[in-house]
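What follows is a single structure, written as structure tokens, with notes after it.
The values are calculated or read from the model by the stated rules, or taken from the named source; none is laboratory data. This structure is a prediction, so every number in the text was calculated from the model and none was measured. All Cβ positions, even for glycine, are placed from backbone atoms using ideal geometry, and neighbour counts span all protein chains on display. Side chains included, ligands, DNA and RNA excluded: accessible areas come from the protein's heavy atoms. Shrake-Rupley method; radii C 1.70, N 1.55, O 1.52, S 1.80 Å.
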Amino acid sequence: MSELARVCIHVHSQYVESQSLPDEDRYVFAYTITIRNLGRSNVQLRSRYWLITNGNGRETEVQGEGVVGEQPHIAAGGEYQYTSGAILETPMGTMQGHYVMIDDAGDEFHVEIPVFRLAVQTHIH
């Protein structure tokens, strides 16, 4: 089994109405990501890459070290959870990307983050 198959990603997103200004095309979304290490070796999340697409198809790429200022170590059988956010100019959009991780042996690998939706609840059909 490859390391890729040993890390599981779960995403939950929600619209943050209190921080949004629809009249100014500002829609704020929060997303909580749970990273589960299903493997036998410890891993560390080193960096992230996001492709954010708004409802008009405009894409923004974001990359950087770690997540929310951390490069967490995730023990074998353990999990790490964090919440972050994105601001769109449209009431709907998507995010997808990957994490760059390293295992105890020093081997680097990517963990894909499947596409997930950012949407104001009233705009979901």
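Of all the criteria given as (1) assigned to a loop (DSSP other than H, G, I, E, B); (2) open to solvent by 60 Å² or more (accessible area, probe 1.4 Å); (3) in contact with a Ser or Thr (Cβ under 7 Å, 6 or more places away or on another chain), the one not satisfied by Q81 is (1). The set of residues in the stretch 54-78 that are part of a loop (DSSP other than H, G, I, E, B) and in contact with a Ser or Thr (Cβ under 7 Å, 6 or more places away or on another chain) comprises G55, N56, G66, V68, A76.
Just to check your reading of the model, which residue among L45, L51 is among the hydrophobic types (A, V, I, L, M, F, W, C), in a strand (DSSP E or B), touching a strand residue (DSSP E or B) at 6+ places or on another chain (Cβ under 7 Å) and farther than 26 Å from Q121 by Cα?
L45
With respect to (1) crowded, with 17+ Cβ neighbours inside 10 Å; (2) outside any strand (DSSP E or B), the lone exception for L118 is condition (2). As a summary of the residue check, I113 satisfies the conditions (1) open to solvent by 80 Å² or more (accessible area, probe 1.4 Å); (2) in a strand (DSSP E or B) except for the one numbered (1).
The set of residues from the stretch 84-104 being open to solvent by less than 70 Å² (accessible area, probe 1.4 Å), assigned to a strand (DSSP E or B), farther than 15 Å from T34 by Cβ and polar (S, T, N, Q) comprises just one member, T94. Taking the stretch 16-27 as the range and being open to solvent by 50 Å² or more (accessible area, probe 1.4 Å) and not in a helix (DSSP H, G or I) as the test, the residues that pass are L21, D25, R26. Test Q63 against the stated conditions and say whether it is within 16 Å of N42 (Cα to Cα), open to solvent by 40 Å² or more (accessible area, probe 1.4 Å) and out of contact with any Cys (no Cβ under 7 Å at 6 or more places or on another chain). So Q63 does not fit the description; no.
Sub-9 Å Cβ pairs linking a first residue in the stretch 49-75 that is at positive phi to a second residue that is open to solvent by less than 50 Å² (accessible area, probe 1.4 Å) and outside any strand (DSSP E or B), at least 6 apart or interchain, are G66/P72, ordered by first then second residue.
Residues are listed down the side, and each one gets a yes or a no for (1) open to solvent by 30 Å² or more (accessible area, probe 1.4 Å); (2) modelled with pLDDT under 95; (3) closer than 18 Å to M95 by Cβ:
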{"position": "E3", "(1), (2), (3)": "yes, yes, no"}
{"position": "S13", "(1), (2), (3)": "yes, no, yes"}
{"position": "F29", "(1), (2), (3)": "no, no, yes"}
{"position": "T34", "(1), (2), (3)": "no, no, yes"}
{"position": "L45", "(1), (2), (3)": "no, no, yes"}
{"position": "L51", "(1), (2), (3)": "yes, no, yes"}
